[in-house]
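In what follows, a structure is listed as structure tokens, so that the remarks can point back to it.
The values are calculated or read from the model by the stated rules, or taken from the named source; none is laboratory data. Because the structure is a prediction, the values reported are computed rather than measured. Glycine also receives a Cβ, built like all others from the backbone with ideal geometry; neighbour counts cover every protein chain displayed.
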Amino acid sequence: MHHFEYRNAELYAEDVPVKAIADAVGTPFYLYSHATLARHFNEFSDAFRGMDRLVCYSAKANTNLAILSLFSKMGGGLDIVSGGELYRGLAAGIPASRIVYSGVGKRIDEIDYALKEGILMFNVESIEELRLLNERAGTLGKTAPIALRVNPDVDPKTHPYISTGLEKNKFGIDVEGAVEGYRLAKTLSHVQVRGIDCHIGSQITEATPFQDALKSLVALVEKLRDAAGIDFEYIDVGGGLGIIYGDESPPLPEEYARAIVDALKGTSLKLILEPGRVIVGNAGILVTRVLYRKKGKAKEFVIVDAGMNDLIRPSLYHAYHGVQPVVKARRNKVTADVVGPICESGDFLAADREMADLKSGELVAVMSAGAYGFVMASNYCSRLRVAEVMVKGDRFHVVRERETYADLMRGESIPPFLT
């Protein structure tokens, strides 16, 4: 469910015509629906009603300050993977006590920052990291609250680049290693065991892999309690629930919640959830304008002003995003590639796609772009990163200004030996 719909053949974001926003801010731009963001957050959280839970939105999906601020006001926490995401979360008003820190490559300065701020928990990904946390906490006169991220070797049946729960993936610690890790943690004077963590991947469209992973974790919790006397307060089940981009049929939050709750029966653990894409993915679109039409011998091209530097998912993952005109009209269908201005053959937003026969100057909406869109954007080919806009009801606000040419060179300098 999202709040992008046609009214009299014109696409609206809530109660605002998308064309009116394009006329005001130019193209390309990302556009987010406040109502959709709030609805998705509530639907996800409410699916777990009756459970002691904390919804820690996965910041890497979309870190715009306005979005983080909205979730903060709704009682949400944050799942971070960098010091920058911690900085953004705190700036958005999310208390450190509702922030968990994941990721395989935490730097010393990032660890120190999180320790000083007093975050809820570090999700530890290796024994070396565990030892370093103990050392840094001791140096700073702190105690590091931790959970070990356990890799349960469960196949999430998703794209290999976003699978994280298999033995061959770089993430987490295998079950046997986790037993030794928790035994070690119990002996470290500046570490406090608070929970156990698992995240098996992203854009998962079945509930079974989540349930299989959690059953493995619950068995491990029971083993560690009985054999090593280790008590756990939290179980962090990660995120990864998929969305509909095209013809996928992921479980609804209620079905996903049932799988999680069933796997946790008989435990008294507090639940931490890390949804990202499922909340923001269909709450945002990328609006772009057709620059040219080009017909080659092999295929046709719709050339737009947004490129792979703005939305890299189609090029990187061969991901599908719906492409539709902002203003509908009676027209023929055409099979074409929607491509951008980047000097790469991999610069496309849609390939061999049957679509409306779009003409130069028309506006195009690239759907389901709220997750892993702007956050993965770059300045490749010295292109400016685009504006971000949020709509609420009949109002819209630019929540990130379009970059200027001066922004491209901020922080750069010519050394004296070249002058």
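Mind listing just one residue for me: the one in region 194-222 that is crowded, with 23+ Cβ neighbours inside 10 Å and of a type in the set (A, V, I, L, M) and, of those, farthest from Asp236 (Cα to Cα)?
Result: Ile204.
Looking only at region 24-67, which residues are assigned to a loop (DSSP other than H, G, I, E, B) and either under 17 Å from Ala257 (Cα atoms) or under 14 Å from the mean Cα position of the chain (by Cα) (or both)? If you could, list the steps in order and put the result at the bottom.
Within region 24-67, the subset assigned to a loop (DSSP other than H, G, I, E, B) is 26-28, 47-52, 62-64.
Answer for region 24-67, where residues must be assigned to a loop (DSSP other than H, G, I, E, B) and either under 17 Å from Ala257 (Cα atoms) or under 14 Å from the mean Cα position of the chain (by Cα) (or both): Ala47, Phe48, Arg49, Gly50, Met51, Asp52, Asn62, Thr63, Asn64.
Evaluate the following for Asn123: is it farther than 30 Å from Ser33 by Cα and more than 19 Å from the chain's Cα centre (by Cα)?
Values: farther than 30 Å from Ser33 by Cα: yes; more than 19 Å from the chain's Cα centre (by Cα): no.
Criteria not met by Asn123.
Within region 368-394, count every residue that is over 16 Å from the mean Cα position of the chain (by Cα) and part of a loop (DSSP other than H, G, I, E, B).
Qualifying residue count for the region: 8.
Of all residues in region 395-410, which are among the hydroxyl-bearing types (Ser, Thr, Tyr) and assigned to a strand (DSSP E or B)?
Initially, region 395-410 is screened for residues among the hydroxyl-bearing types (Ser, Thr, Tyr), giving 404-405.
The answer is none; no residue qualifies.
Taking the conditions exactly as written (among the small types (Gly, Ala, Ser), assigned by TED's automatic domain parsing to the domain that holds Ala219 and either at positive phi or touching a residue at least 12 places away in the same chain (Cβ under 8 Å) (or both)), does Gly105 satisfy them or not? I'd like the intermediate steps shown before the answer.
On the way: among the small types (Gly, Ala, Ser): yes; assigned by TED's automatic domain parsing to the domain that holds Ala219: yes; either at positive phi or touching a residue at least 12 places away in the same chain (Cβ under 8 Å) (or both): no.
For Gly105, the condition - among the small types (Gly, Ala, Ser), assigned by TED's automatic domain parsing to the domain that holds Ala219 and either at positive phi or touching a residue at least 12 places away in the same chain (Cβ under 8 Å) (or both) - is not met.
Looking at Arg395, Arg385, can you tell me which residue is surrounded by 15 or more Cβ atoms within 10 Å (Cβ to Cβ), among the basic types (Lys, Arg) and in the same structural domain as Val304 (by TED's automatic domain parsing)? Spell out how you get there, then give the answer.
Numbers: Arg395 fails: surrounded by 15 or more Cβ atoms within 10 Å (Cβ to Cβ).
Result of the check over Arg395, Arg385: Arg385.
Quick one: how many residues across region 70-101 are assigned to a helix (DSSP H, G or I) and touching a Gly at 6+ places or on another chain (Cβ under 6 Å)? Walk me through how you get there before you give the answer.
Residues of region 70-101 that are assigned to a helix (DSSP H, G or I), as a first pass: 70-73, 83-91, 96-98.
When the remaining residues are screened for being touching a Gly at 6+ places or on another chain (Cβ under 6 Å), the result is 72, 96, 98.
Going through region 70-101 one residue at a time, the tally reaches 3.
Within 24 Å of Asn123 (Cβ to Cβ), polar (S, T, N, Q) and in contact (Cβ under 8 Å) with a residue 24 or more places away in the chain: which single residue out of Thr267, Thr288 fits that description? Steps first, please.
On the way: Thr288 fails: within 24 Å of Asn123 (Cβ to Cβ).
Among Thr267, Thr288, only Thr267 is within 24 Å of Asn123 (Cβ to Cβ), polar (S, T, N, Q) and in contact (Cβ under 8 Å) with a residue 24 or more places away in the chain.
List every residue pair whose Cβ atoms sit under 9 Å apart, with the two residues 6 or more apart in sequence or on different chains, where the first one lies in region 296-319 and is within 23 Å of Met376 (Cα to Cα) and the second, anywhere, is outside any strand (DSSP E or B) and among the basic types (Lys, Arg).
Gly307/Arg383; Asn309/Arg383; Asn309/Arg385; Asp310/Arg383; Asp310/Arg385; Ala319/Arg313
Those residues that are touching a Lys or Arg at 6+ places or on another chain (Cβ under 7 Å) and modelled with pLDDT of 95 or more, I need them from region 103-116; list them, please.
Ile108, Ile111, Asp112, Leu115
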